[in-house]
Protein chains: 2
Amino acid sequence: MIPNAIKNFIEHFRKIPGLGPRAATRLAFFISRLDTQTRSNLIESLKNLENLERCKRCFFIKEKEQELCEICSDSRRDSRIIAIVEKDTDILTLEKPREFRGTYLILGELSGRGILEESHKNRIEQLKRRIEGEPEGNIEEIILAVNPHALGDMLYEILKRDFKHLTSHITRLGRGLPTGGEIEFADEETLKNALRRRS
Amino acid sequence: MIPNAIKNFIEHFRKIPGLGPRAATRLAFFISRLDTQTRSNLIESLKNLENLERCKRCFFIKEKEQELCEICSDSRRDSRIIAIVEKDTDILTLEKPREFRGTYLILGELSGRGILEESHKNRIEQLKRRIEGEPEGNIEEIILAVNPHALGDMLYEILKRDFKHLTSHITRLGRGLPTGGEIEFADEETLKNALRRRS
């Protein structure tokens, strides 16, 4: 009953995380109702993503013709301070307060099975080689900036063990009450961390 | 800091209802991480929506080369029974129980300002001409199958007034307790309707 073009669209777009079959169906009907120009714009902007690839230094997204990403190639950034994050969009969020002037390493999402995957281990290995390749063979600080979960805690211990000869300073993001949050409604784990890491 | 291709993608996709800037951003990064083949499939399936248009009888989506949509051209469907719905996806949902064997008219979404727009009025006019063009100039039943809201009630009164010479049977979908729902948790309006329309 549904045209094949719609079925085909749903089949391909439903696999995108956060969409699923219902959202993909609504999307298909919405896009098929658009005028030709607006739809062409969508197609073009989707095609243009083809011209992107990962920065070979930090794995953030960059244009193919660039040598490194905008952050790694910015001489005002301190490459001796490296924040380890899970994904591109975490970098966007961390950049918003304009507080951090170091560089990054994207590790890939830590989730689900609670273990470090081969891909994560490879990127950590690569970070080690990147630091060893620095003029003095060490750096100022590594900041673990992953979501607060048990695997993050484990990763922190691994970094302290494996990177101690490369930097004296291995930190992670503060844990505690979010600004605007209320003690009354904080969960036990958050309160425990807020107490332990009081300063 | 973000490549232009990503900015451009977000700019175009954020306007899609149900997406917004955050979802469009996640979508952009997700798609840029896909392998070339998977991304090509997305592009192709988006392009193919170009080959669709509206059925000139009921306004449901159809392939360009078809004369009418799958439902209107199905000889087993009773074209003398017409359900008025708001949008394509409502037809998909109404078709699921395999209960309804009539045809449809898509009116366009009734929402927001609580009034009938010019586009809705045009489609109602077109329905009138469609019925007047029938062999006997009248039909068996018009079913108003729009979401339960005040504008639907108003539309029902309009149909009763304007279509009474074309059909003796103008109905609307039942209102009352949803199957599996509990009286204890039903809102007042639902209970009122369940009582008034008891049978």
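Observations on the structure shown:
- Hz values of 3J(HN,Hα) by residue in the stretch A:143-159 - Karplus curve (6.51, -1.76, 1.60), Gly and Pro given as x: 10, 7, 10, 9, 4, x, 8, 4, 5, x, 4, 5, 4, 4, 5, 4, 5
- When the C-alpha to C-alpha distance is required to be over 19 Å, the pairs from B:Lys62/B:Lys160; A:Lys121/A:Lys164; B:Lys87/B:Lys121 that qualify are B:Lys62/B:Lys160.
- The amide H of B:Leu105, built 1.01 Å from its N in the peptide plane, has B:Ala83, B:Ile84, B:Val85 as neighbours under 5 Å, considering only residues 5 or more places off or on other chains.
- Label point 7 Å beyond Cα along the C-beta direction, distances from A:Ala150 to other copies (nm, shortest first): 5.3
- Placing a label point 7 Å from the Cα of A:Glu189 along the Cα-to-Cβ direction, the distances to the matching points in the other copies come to 3.9 nm, shortest first.
- Within the stretch B:68-199, all pairs of alpha-carbon atoms sorted by distance into 5 Å bins from zero give the percentages 2, 9, 18, 22, 19, 16, 8, 4, 1, 0, 0.
- Distance between the stretch A:16-77 and the stretch A:128-154 - C-alpha centres, whole angstrom: 28
- Ascending list, in nanometres, of distances separating the A:Arg22 label from those of the other copies (7 Å, Cα toward Cβ): 1.8
- Dipole of chain A [Lys/Arg +1, Asp/Glu -1 at C-beta], most positive-end residue of A:Gly137, A:Pro148, A:Thr179: A:Pro148
- In order along the stretch A:31-47, phi translates into HN-Hα couplings of 5, 5, 8, 5, 6, 4, 5, 4, 5, 4, 4, 5, 4, 4, 5, 6, 4 Hz, rounded to whole numbers, per the Karplus curve 6.51 cos²θ - 1.76 cosθ + 1.60 with θ = phi - 60° and x for Gly and Pro.
- Under 15 Å, Cβ to Cβ, from B:Arg14 - net charge with Lys/Arg +1 and Asp/Glu -1: +3
- Near B:Met1, once Lys and Arg are set to +1 and Asp and Glu to -1 for all other residues with Cβ below 9 Å from its Cβ, the sum equals -3.
- Under 20 Å from B:Lys96, Cα to Cα: aspartates and glutamates that are on another chain or at least 8 residues apart: A:Glu11, B:Glu70, B:Asp74, B:Asp78, B:Glu86, B:Asp88
- Nearest-ten-degree value, helix A:4-13 long axis tilted from longest Cα axis of chain A: 0
- Cut-off 12 Å between beta-carbons: net charge of the residues surrounding A:Arg172, Lys and Arg +1, Asp and Glu -1: 0
- Area of B:Glu11 that stays accessible when all protein chains are in place (1.4 Å probe, Å², to 10): 90
- For the stretch A:4-52, the convex hull drawn through the C-alpha positions has a volume of 82 cubic angstrom per residue.
- Residues whose amide H comes within less than 5 Å of that of B:Arg172, counting only those at least five positions distant or on another chain, are B:Leu144 (H built at 1.01 Å from N in the peptide plane).
- In chain A, the calculated helix contribution to ellipticity at 222 nm averages -12500 deg cm²/dmol per residue, counting -39,500 (n - 2.57) for every DSSP H run with n ≥ 4.
- The convex hull built on the alpha-carbon positions of the protein assembly as shown has an orientation-averaged projected area of 27.1 nm².
- For chain B, the longest piece that avoids every one of the trypsin sites (Lys or Arg not before Pro) found in DSSP loops with at most 12 other C-beta atoms within 10 Å covers B:1-63.
- In this Cβ point-charge picture (+1 for Lys and Arg, -1 for Asp and Glu), the stretch A:24-94 has a dipole of about 160 debye about its Cα centre.
- D by Stokes-Einstein for the stretch A:1-143, Kirkwood Rh over Cα pairs, 25 °C, 0.890 mPa s: 135 µm²/s.
- Counting only Cα atoms, the stretch B:69-133 measures 37, 29, 16 Å along its principal axes, largest extent leading.
The values are calculated or read from the model by the stated rules, or taken from the named source; none is laboratory data. These figures come from a predicted structure and were not determined experimentally. Methodologically, a virtual Cβ is constructed for each residue, glycine included, from the backbone with ideal geometry; neighbour enumeration extends over all protein chains shown. Calculation scope for accessible area: heavy atoms of the full protein, side chains included, ligands and nucleic acids excluded. Shrake-Rupley method; radii C 1.70, N 1.55, O 1.52, S 1.80 Å.
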